[in-house]
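S.K.: This structure is in structure tokens; I'll ask about it shortly.
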Amino acid sequence: MATTSRPTQRTLGTSGPVTSALGLGCMGMSDLYGPADEAESIATIHAAIDAGVTLLDTGDFYGMGHNELLIHEALRGRARENVQISVKFGAQRGPDGQWLGYNASPAATKTALAYTLRRLRTDHIDVYRPARLDPNVPVEETVGAIADLVKAGYVRHIGLSEVGADTLRRAAAVHPISDLQIEYSLISRSIEDTILPTARELGIGVTAYGVLSRGLLSGHWDQGRALAGTDFRGHSPRFQGDNLAHNLALVEALRAVASAKEASVAQVAIAWVASRGEDVVPLVGARRRDRLTEALGALDVTLTAADLAAIEAAVPAGSAAGDRYAAAQMAHLDSEH
């Protein structure tokens, strides 16, 4: 059966808010992908909102608060009710930017929100979620603390990030969960085994990050690209040596499919994620207006059954070379509490 063009809005699960069909992930404007131009970042957020994007995704540890301050500046003079702000918390970092673990205890959860509200100059967060499981705190305690914040009016909806099926069930038993934020792309499809079916069983939506696999599926990457020292892709297994060469060959196979659709590689990759279901909202990490414009064009790409088959043939499930993170950075999706 042929799919049709996506609607401009989607709902995050059965309990979450109505958002735009694409969200804007703002991390790269402050951290982890090398230097970014602040004025261009703000202009990109403005362009996204003007184009109908309502979901802005951030984390309080992106640039150690810089990303939240940037979003506040971008929203100055704009109607707060016209956007949904999704915030991740819990990652601990030193002044040198080093990762120090996670803290999602009830006290830390409420303290983090207090700082987030102040940086964003808002009285509520639309979706609040721990960035990863805290191995020392049962997820029920973290979700319970956010539920207290929902009752107090500081948070509208509770989300999760990078957790497995068992954790989804335990969290949903405490409070309705709007959505799971997790990596999902043509070359990162492990959630299809148990996580996505469980989310659907529980009425939990998916906000998919990494839909272009951190630029690998953008169609703009090449083997000799130089990376800044602060760009974590310089250490990512999929961007190294033979792995990169193999993965770029997959991109070229996808390019042939995209050309037949008169679309870009990025647009087809984003459209594929959007085609996975009305409960999936892709997050695009555009830092510049031209990249945003390209990403938004994915909403105009209609994928037929034949297109989907050609995409699967070009980039089969499990065909990527290298893990998506270095071993030390891989998330533990379910805790033992």
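S.K.: Only one of Val211, Val206 is modelled with pLDDT of 95 or more and within 25 Å of Gln84 (Cβ to Cβ); which?
M.R.: The match here is Val206.
S.K.: Moving to a separate point now. So, in segment 21-71, how many residues would count as being of a type in the set (S, T, N, Q), in contact with a strand residue (DSSP E or B) (Cβ under 6 Å, 6 or more places away or on another chain) and touching a residue at least 60 places away in the same chain (Cβ under 8 Å)? Can you show your working first?
M.R.: So in segment 21-71, the residues of a type in the set (S, T, N, Q) come out as 30, 41, 44, 54, 58, 67.
Okay, now just the ones that are also in contact with a strand residue (DSSP E or B) (Cβ under 6 Å, 6 or more places away or on another chain), so 54, 58, 67.
This time we only want the ones that are touching a residue at least 60 places away in the same chain (Cβ under 8 Å), so: none.
The total comes to 0.
S.K.: Sort out which residues of segment 172-191 are in contact (Cβ under 8 Å) with a residue 40 or more places away in the chain and farther than 22 Å from Ile158 by Cα, and write them in order of number.
M.R.: If we filter segment 172-191 for residues that are in contact (Cβ under 8 Å) with a residue 40 or more places away in the chain, which is where we start, we get 176-179, 181, 183-189.
Ser185, Leu186, Ile187, Ser188, Arg189 - these are the residues of segment 172-191 that are in contact (Cβ under 8 Å) with a residue 40 or more places away in the chain and farther than 22 Å from Ile158 by Cα.
S.K.: Any residue in segment 228-245 that is at pLDDT 90 or above, open to solvent by less than 80 Å² (accessible area, probe 1.4 Å) and under 21 Å from Ser161 (Cβ atoms)?
M.R.: If we filter segment 228-245 for residues that are at pLDDT 90 or above, which is where we start, we get none.
No, that holds for no residue.
S.K.: Quick one: in segment 136-157, which of the residues that are assigned to a helix (DSSP H, G or I) and not aliphatic (A, V, I, L, M) is surrounded by the fewest Cβ atoms within 10 Å (Cβ to Cβ)? Don't jump to the end; show me each part of the working.
M.R.: Residues of segment 136-157 assigned to a helix (DSSP H, G or I): 139-151.
From what's left, not aliphatic (A, V, I, L, M): 140-142, 144, 148, 151.
Details: Glu140: 16, Glu141: 15, Thr142: 26, Gly144: 16, Asp148: 15, Lys151: 10.
Of everything passing the filter in segment 136-157, Lys151 is surrounded by the fewest Cβ atoms within 10 Å (Cβ to Cβ).
S.K.: State the number of residues belonging to segment 114-133 that are in contact (Cβ under 8 Å) with a residue 60 or more places away in the chain and either among the basic types (Lys, Arg) or open to solvent by 10 Å² or more (accessible area, probe 1.4 Å) (or both).
M.R.: Kept after step one, since they are in contact (Cβ under 8 Å) with a residue 60 or more places away in the chain, are these residues of segment 114-133: 126-127, 131-133.
Next cut, either among the basic types (Lys, Arg) or open to solvent by 10 Å² or more (accessible area, probe 1.4 Å) (or both) only: 126, 132-133.
Total satisfying the criteria: 3.
S.K.: Another question, if that's okay. For residues in segment 22-40 being under 21 Å from Tyr115 (Cβ atoms) and assigned to a helix (DSSP H, G or I), which is most open to solvent (accessible area, probe 1.4 Å)?
M.R.: The extreme case among them is Glu38.
S.K.: So how many residues does segment 76-95 have that are open to solvent by less than 80 Å² (accessible area, probe 1.4 Å) and free of Cβ contacts under 8 Å to residues at least 24 places away in the same chain? Show your work before the answer.
M.R.: Initial filter on segment 76-95 (open to solvent by less than 80 Å² (accessible area, probe 1.4 Å)): 79-80, 83-94.
Adding the requirement that they be free of Cβ contacts under 8 Å to residues at least 24 places away in the same chain leaves 79, 94.
Of the residues in that region, 2 qualify.
S.K.: Here's another thing I want to ask about it. Being surrounded by fewer than 22 Cβ atoms within 10 Å (Cβ to Cβ) and within 14 Å of the chain's Cα centre (by Cα) is true for just one of Glu183, Glu201. Which residue is that? Lay out the reasoning, then the answer.
M.R.: Numbers: Glu201 fails: within 14 Å of the chain's Cα centre (by Cα).
When all the criteria are applied, what remains is Glu183.
The values are calculated or read from the model by the stated rules, or taken from the named source; none is laboratory data. Computed from a predicted structure; not experimentally measured. A quick note on method: Cβ atoms are made from the backbone with ideal geometry, for glycine too, and the neighbour counts reach across all protein chains shown. Areas reflect the complete protein model, heavy atoms only, side chains present, ligands, DNA and RNA absent. Shrake-Rupley method; radii C 1.70, N 1.55, O 1.52, S 1.80 Å.
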